[in-house]
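Following: one structure in structure tokens, then a few remarks.
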Amino acid sequence: MNCVNLVITGNPGVGKHTIADLFIKHDSSYQIFDINKFVIEKEFAEQVDGGIEVDTGKLKDEIQKLNLNKSLIVGHLAPYVLDQSDINFAIILRKNPYDLIEVYKKRKYKNSKIKENSGSEILGVIANDSITSFGKEKSFEIDATNKTPEIILEQIHNIINNQKGGDMVDWLRLVEEKNEINKFFDY
Ligand code: ADP
Ligand code: MG
């Protein structure tokens, strides 16, 4: 494959930009396409109650016009704005929800935003949506918890070269075992 498009997606705080920057440092023949940056540049985001809303339909149309080539496409919106045929691999970074909460606290997210994003991580929403958009064969989860960025990068290269080597992630079981579902979800 000479023109690989690689997606790095996952919830906020899992390490997408850290890993993307490291990837480019090792292989500058790729160009980063940062979906969030594009959203801001093109003014596709709208301020609504409690956050930002993106018109993903409009965003998808604009991204389709770009003809991305040998790109490292970064963003949690990737599964909603790209098609299976646009990409070769989708890496979904996962992180233990308890560690993720600490990242969110440092970022000074509101409690509601912390719950929403850590809840999404527990349920694996982006991982499931990646599989729906890109297919099982192209979607690979990596558990980034307690791994250095270098180790994660090595795992990504291994996946690209061998079309295998993803992780199985099940935070729901972890949270259930601790009997802490109500810490993340309102009934
Ligand atoms: P994202 O782009 O997915 O929101 P970031 O790359 O901004 O995530 O990383 C979120 C935070 O976690 C940052 O403070 C970053 O320094 C830290 N971080 C990222 N990857 C790792 C890692 N593998 N190990 C430890 N800390 C990490
Ligand atoms: Mg980021």
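Only the coordinates and a few stated rules stand behind these numbers; no lab work does. Because the structure is a prediction, the values reported are computed rather than measured. Virtual Cβ from ideal backbone geometry, glycine too; neighbours counted across all protein chains shown.
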**Request:** With unit charges on the beta carbon (Lys/Arg positive, Asp/Glu negative), name the residue among His26, Asn162, Ala45 whose Cα is farthest towards the positive pole of the charge dipole of the chain.
**Result:** His26
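Based on DSSP H runs of at least 4 residues, each adding -39500 (n - 2.57), what is the mean residue ellipticity at 222 nm of the chain after dividing by all its residues, to the nearest 500 deg cm²/dmol?
Working: 10 runs with 90 residues, N = 187.
About -13500 deg cm²/dmol.
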**Fill in**
Quick calc, Asp170 & Leu68: beta-carbon distance into FRET formula, R0 35 Å, rounding 0.05, result 0.60
**Across Lys42/Lys147; Lys106/Lys136; Lys37/Lys113; Lys25/Lys95, pairs whose alpha-carbon gap is larger than 29 Å** = Lys42/Lys147; Lys106/Lys136
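Between Val48 and Asp83, what length in nm is gained on full extension when 0.36 nm per residue of separation is reduced by their alpha carbon distance? Mind showing how you got there, number by number?
On the way: separation 35, 0.36 × 35 = 12.60 nm, distance 2.72 nm.
Separation in residues times 0.36 nm, less the Cα-Cα distance, equals 9.9 nm.
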**Complete:** In terms of the alpha carbon gyration tensor, root eigenvalues a ≥ b ≥ c, rounded if a/c is under 1.5 and otherwise prolate when a/b exceeds b/c or oblate, the chain is oblate
**Message:** Give me the percent relative contact order of the range 1-135, please, defined on Cα pairs under 8 angstrom at least 6 residues apart.
**Reply:** 39 percent
**Prompt:** Once a ≥ b ≥ c are taken as the square roots of the eigenvalues of the Cα gyration tensor of the range 90-187, is the result rounded (a/c under 1.5), prolate (a/b larger than b/c) or oblate (a/b not larger than b/c)?
**Reply:** prolate
